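Following: one structure in structure tokens, then a few remarks.
The values are calculated or read from the model by the stated rules, or taken from the named source; none is laboratory data. All figures in this text were calculated on a predicted structure; none of them were measured in a lab. Virtual Cβ from ideal backbone geometry, glycine too; neighbours counted across all protein chains shown.
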Amino acid sequence: MRGKIARYRFGPFQLSPDEGSLTRNGMRVRIQDLPLRLLIMLLEQPDAILTREELRQRLWPENTFLEFDNSLGVAVRKIRESLNDSAESPQYVATVPRRGYRFVAPVQVDMKEEAVPAVSPAGKPLETRMYWGMAALALLALVGWAFAFFPAR
């Protein structure tokens with residue numbers, strides 16, 4: 001079986017969600033976890049407005065107590081710093097007043113094939129079942145060999 005992992009490319013940047021890395025022209029760009037998760041959410045739906053409420057629900061657990069507006073603003077500011085973007089004339093992350101944010105640059109999604117282990121109906125990897133099957137066959141061959149060379153008396 002094969003699984004697919006997306007890599008997002010926009011401008012000189014590439015973001016790899018599975019590796020948690022952001023690069024610019026191949027050079028790694030420092031970005032903290034929360035801004036990275038927010039950036040991934042924006043890249044998953046380019047040009048769509050992600051509302052402040054949707055972002056709050058997806059980024060912070062229900063029982064988290066914090067100054068939400070300030071925390072979201074800091075996360076967006078850190079994204080803009082990492083992308084060398086500005087709020088006044090955004091190339092990447094635009095603020096939609098009183099609503100939320102949206103990613104405005106063209107985004108290319110690259111799909112990468114990754115091997116995924118085959119799983120049996122019991123939920124175990126098929127390699128494990130094959131291993132035990134081969135072990136059972138080897139044991140049967142050994143018993144057959146023993147009976148052939150050491151006949152019963």
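Given the criterion of a type in the set (A, V, I, L, M), at pLDDT 70 or above and loosely packed, with under 10 Cβ neighbours inside 10 Å, identify the matching residue among ALA141, ALA148.
ALA148
PRO35 - would you say it is at pLDDT 90 or above, buried (at least 16 other Cβ atoms within 10 Å of the Cβ), of a type outside the set (Asp, Glu) and more than 21 Å from the chain's Cα centre (by Cα)?
No, not satisfied.
Looking at (1) surrounded by 10 or more Cβ atoms within 10 Å (Cβ to Cβ); (2) at pLDDT 65 or above; (3) within 26 Å of the chain's Cα centre (by Cα), which is the only condition SER86 fails?
(3)
Please find, within the stretch 82-106, the residue that is farthest from GLY11 (Cα to Cα) out of those that are in contact with a Ser or Thr (Cβ under 7 Å, 6 or more places away or on another chain) and not in a loop (DSSP other than H, G, I, E, B).
Filtering first and then ranking leaves GLY100.
Among the residues of the stretch 92-99, are any in contact with a Leu (Cβ under 6 Å, 6 or more places away or on another chain) and either at pLDDT 80 or above or assigned by TED's automatic domain parsing to the domain that holds ILE31 (or both)?
Scanning the stretch 92-99 turns up at least one residue that is in contact with a Leu (Cβ under 6 Å, 6 or more places away or on another chain) and either at pLDDT 80 or above or assigned by TED's automatic domain parsing to the domain that holds ILE31 (or both).
Answer with yes or no whether ASP47 is outside any helix (DSSP H, G or I), at pLDDT 85 or above and either surrounded by 14 or more Cβ atoms within 10 Å (Cβ to Cβ) or not assigned by TED's automatic domain parsing to the domain that holds TYR101 (or both).
No; evaluated as a whole, the condition is false for this residue.
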